[in-house]
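The values are calculated or read from the model by the stated rules, or taken from the named source; none is laboratory data. Predicted model only: the values in this text are computed from it and were never measured. Because the Cβ atoms are built from the backbone with ideal geometry, glycine has one as well, and the counts that use them run over all protein chains shown.
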Amino acid sequence: MKRYEVIIVGAGPSGLSAAIEAAKRGLKVVVFDENEKPGGQLFKQIHKFFGSKEHHAKIRGFKIGEELLQEADALGVEVILNATVVGLYPDKEVNVKIGDQIHHYKGDTVIIATGASENMVTFPGWTLPGVIGAGAAQTMMNLHGIQPGKKILMLGSGNVGLVVSFQLLQAGCEVVAIVDALPRVGGYGVHASKVARCGVPFYLSHTIKEVQGKDKVTGVTIHQIDERFMPIAGTEKHFEVDTVCMAVGLSPMSQLLKMAGCAMEDNPKRGGQVPLVNEYGETSVSGIFAAGDVSGIEEASSAMIEGKMAGVCVAEYLGYIDEDTKMTELKAFEKDLDSLRQGMFAPKNRGKKIEKTDEGIDISTNLLEKGYVADDEIERFPGVTHKKGVHPVIECTQNIPCNPCQDACPKKCISTGDNITYLPFVKDDVECINCGMCVASCSGQAIFLVDEDCGDGTATVTLPYEFLPLPQEGDKGYGLSRKGEKICEATVVSVKSVKAFDHTNLLTMRVPKEYAMKARFFKKAEV
């Protein structure tokens, strides 16, 4: 039986972060993962992260994964792949299936960072080929370069459903609709908005009635439901699709913790069956810790901090650092974690109906109910400015933990004030130099550079663009509204692609000046 000071189960963001923190302090660490590649969900995530610089803000998920793997390797962390942990016992003995054999390991401490699995819902036709989870769609697209389908309906409007819908569009798929049984969009409004302006409609208070097809999916019928989630007769809507993608939540993969005798609880706010842990992730079994989604569903940024905290805790548990050092380091991590748990999407606000921002501004009801901010709502938010010449227009309307825009601007035009979740605003006394860094750096693609009057009856709008093939200067087409409707003719003025933008291209289009504050996407005219 081989012995390690720290055994970690799961090579995702929390597991790798824990391994790095423990190895930094000289501990002998091994990480087991059942997959053939390490990194967990990070390598599926091609979008830019929210948060601040300390939280990897504006860095794409797969890049964060690469950085973690390099750091773990440099510290001598042993990562064993295609290794399924099938047993965990209170004395911290771990049984691992590698190939056709069961191997036995003994840990002085164990950190469980197994993450979460996708939930499914059942309806007539749900077992047909072509009904898949959002995670499967991401795997197909972002790891293997395969389109999950041509015409796709997404069930679920949480962040996973919204992010994967946008990535499906980037992969050249048609997303015919986003459907959710709840009456409000569940994820960040900026994620919903960037999907909506591409022309994807939202059907809230709707669910799937049935999926059609014999050997594969050929269509899907949805219907509206009432406040008791009962179907409303006569509200059926049919879509011809070849794929139905489900993003209906996650459940912690906590079975190993239960097997080890850790005290558990059913907690819907944390995602289901989770271990009882203290604020630093220690379970009721001495020397066994939990980190990341296995102890409560949150964002990957939070999972990484929880992993770091667990790594520090095992170092103190095994005598590599003293109690004072541990608490000093944990307090710093705790402060970072607390900053990510603020705003209207904070765990403490789950299930609450938030009607105003922290600044006292009415939330956009249109955004919550239809996926986009209405023209008559947008002006009330502090980032929406009117100035002579080119200036930023920030359509960030919800309190979420994110502030890369204020760090990206070389002139410090933009600020979020004293709190990472405050709505960003444009300073009156600073002139924009039209560098585009704020547009490229915004993780929610919610910043535009606008010249409302070019002096010839036109305006220019610079927007983030992450689709291929890239339009070219002089291309003619249409300006699309926040809803995704064609509202005016548009001509491409320029497309900028520089290394500093990290694959977010800046497309500038010329539109009639009356559409300067309405046109938010470009669609090339069909030849």
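Please verify whether Glu227 is farther than 30 Å from Gly107 by Cα, charged (D, E, K, R), assigned to a strand (DSSP E or B) and more than 27 Å from the chain's Cα centre (by Cα), treating the condition exactly as stated. Before you say what the answer is, go through the steps one by one.
Working: farther than 30 Å from Gly107 by Cα: yes; charged (D, E, K, R): yes; assigned to a strand (DSSP E or B): no; more than 27 Å from the chain's Cα centre (by Cα): yes.
For Glu227, the condition - farther than 30 Å from Gly107 by Cα, charged (D, E, K, R), assigned to a strand (DSSP E or B) and more than 27 Å from the chain's Cα centre (by Cα) - is not met.
Go through segment 69-98 residue by residue and tally those that are more than 27 Å from Val285 (Cβ to Cβ) and aliphatic (A, V, I, L, M).
The number of residues fulfilling the criteria is 2.
Just give me the residues in segment 31-50 being touching a strand residue (DSSP E or B) at 6+ places or on another chain (Cβ under 6 Å), modelled with pLDDT under 95 and not in a loop (DSSP other than H, G, I, E, B), in sequence order.
Of everything in segment 31-50, just one residue is touching a strand residue (DSSP E or B) at 6+ places or on another chain (Cβ under 6 Å), modelled with pLDDT under 95 and not in a loop (DSSP other than H, G, I, E, B), namely Lys48.
Kindly provide the set of residues from segment 137-170 that are among the hydrophobic types (A, V, I, L, M, F, W, C) and at pLDDT below 95, ordered by number. So that I can check it myself, show each step before the final result.
So the first thing to find is which residues in segment 137-170 are among the hydrophobic types (A, V, I, L, M, F, W, C), and the list is 137, 140-141, 143, 146, 152-155, 160, 162-164, 166, 168-169.
Scanning segment 137-170 gives a single hit, Leu143.
Answer yes if at least one residue in segment 186-198 is surrounded by fewer than 16 Cβ atoms within 10 Å (Cβ to Cβ) and without any contact (Cβ under 8 Å) to a residue 60 or more places away in the chain, and no otherwise. Spell out how you get there, then give the answer.
Filtering segment 186-198 for residues surrounded by fewer than 16 Cβ atoms within 10 Å (Cβ to Cβ) gives none.
Checked against the condition, which is being surrounded by fewer than 16 Cβ atoms within 10 Å (Cβ to Cβ) and without any contact (Cβ under 8 Å) to a residue 60 or more places away in the chain, segment 186-198 yields no hits at all.
I'd like to know if segment 430-442 contains one or more residues that are outside the structural domain of Leu169 (by TED's automatic domain parsing), in contact with a Ser or Thr (Cβ under 7 Å, 6 or more places away or on another chain) and either surrounded by fewer than 16 Cβ atoms within 10 Å (Cβ to Cβ) or part of a strand (DSSP E or B) (or both).
Our first condition is that a residue be outside the structural domain of Leu169 (by TED's automatic domain parsing); within segment 430-442, this holds for 430-442.
Right, trim to in contact with a Ser or Thr (Cβ under 7 Å, 6 or more places away or on another chain) and you get 436, 439-440.
From what is left, the residues that are either surrounded by fewer than 16 Cβ atoms within 10 Å (Cβ to Cβ) or part of a strand (DSSP E or B) (or both) are none.
Within segment 430-442 (the criterion being outside the structural domain of Leu169 (by TED's automatic domain parsing), in contact with a Ser or Thr (Cβ under 7 Å, 6 or more places away or on another chain) and either surrounded by fewer than 16 Cβ atoms within 10 Å (Cβ to Cβ) or part of a strand (DSSP E or B) (or both)), the answer is no, since none of the residues qualifies.
Please go through (1) closer than 24 Å to Phe229 by Cβ; (2) buried (at least 19 other Cβ atoms within 10 Å of the Cβ); (3) in contact with an Asp or Glu (Cβ under 7 Å, 6 or more places away or on another chain) for Ile178 and return the number of the only condition it doesn't satisfy.
For Ile178, the exception is condition (3).
Criterion first (under 30 Å from Glu21 (Cβ atoms), in contact with a strand residue (DSSP E or B) (Cβ under 6 Å, 6 or more places away or on another chain) and buried (at least 21 other Cβ atoms within 10 Å of the Cβ)) does Thr109 satisfy it?
Working: under 30 Å from Glu21 (Cβ atoms): yes; in contact with a strand residue (DSSP E or B) (Cβ under 6 Å, 6 or more places away or on another chain): yes; buried (at least 21 other Cβ atoms within 10 Å of the Cβ): yes.
Yes; evaluated as a whole, the condition is true for this residue.
Looking at this structure, is Val461 part of a strand (DSSP E or B) and either surrounded by fewer than 16 Cβ atoms within 10 Å (Cβ to Cβ) or touching a strand residue (DSSP E or B) at 6+ places or on another chain (Cβ under 7 Å) (or both)? Don't jump to the end; show me each part of the working.
On the way: part of a strand (DSSP E or B): yes; either surrounded by fewer than 16 Cβ atoms within 10 Å (Cβ to Cβ) or touching a strand residue (DSSP E or B) at 6+ places or on another chain (Cβ under 7 Å) (or both): yes.
Yes, satisfied.
Of Glu377, Glu334, which residue is modelled with pLDDT of 95 or more and surrounded by fewer than 23 Cβ atoms within 10 Å (Cβ to Cβ)?
Details: Glu334 fails: modelled with pLDDT of 95 or more.
Of the residues listed, the single one that is modelled with pLDDT of 95 or more and surrounded by fewer than 23 Cβ atoms within 10 Å (Cβ to Cβ) is Glu377.
Are any of the residues in segment 412-421 part of a loop (DSSP other than H, G, I, E, B), at negative phi, basic (Lys, Arg) and without any contact (Cβ under 8 Å) to a residue 60 or more places away in the chain?
Start the filter on segment 412-421 by keeping residues that are part of a loop (DSSP other than H, G, I, E, B), which leaves 412-413, 416-421.
Imposing the further condition that a residue be at negative phi reduces the set to 413, 416, 418-421.
From the residues that got through so far, the ones that are basic (Lys, Arg) too are none.
Within segment 412-421, not a single residue is part of a loop (DSSP other than H, G, I, E, B), at negative phi, basic (Lys, Arg) and without any contact (Cβ under 8 Å) to a residue 60 or more places away in the chain.
For segment 1-30: of the residues being touching a residue at least 60 places away in the same chain (Cβ under 8 Å) and assigned to a loop (DSSP other than H, G, I, E, B), which is farthest from Ser301 (Cα to Cα)?
So, considering only residues that are touching a residue at least 60 places away in the same chain (Cβ under 8 Å) and assigned to a loop (DSSP other than H, G, I, E, B), the one farthest from Ser301 (Cα to Cα) is Met1.
Have a look at Gly457, Gly444, Gly436 and point out the one that is touching a helix residue (DSSP H, G or I) at 6+ places or on another chain (Cβ under 9 Å) and more than 25 Å from Tyr188 (Cβ to Cβ). Walk me through how you get there before you give the answer.
Details: Gly444 fails: more than 25 Å from Tyr188 (Cβ to Cβ); Gly436 fails: more than 25 Å from Tyr188 (Cβ to Cβ).
Gly457 is the lone residue from the list that is touching a helix residue (DSSP H, G or I) at 6+ places or on another chain (Cβ under 9 Å) and more than 25 Å from Tyr188 (Cβ to Cβ).
Which is surrounded by 24 or more Cβ atoms within 10 Å (Cβ to Cβ) and either touching a strand residue (DSSP E or B) at 6+ places or on another chain (Cβ under 6 Å) or not hydroxyl-bearing (Ser, Thr, Tyr) (or both), of Glu298, Glu306?
On the way: Glu298 fails: surrounded by 24 or more Cβ atoms within 10 Å (Cβ to Cβ).
Within the list Glu298, Glu306, the selection yields Glu306.
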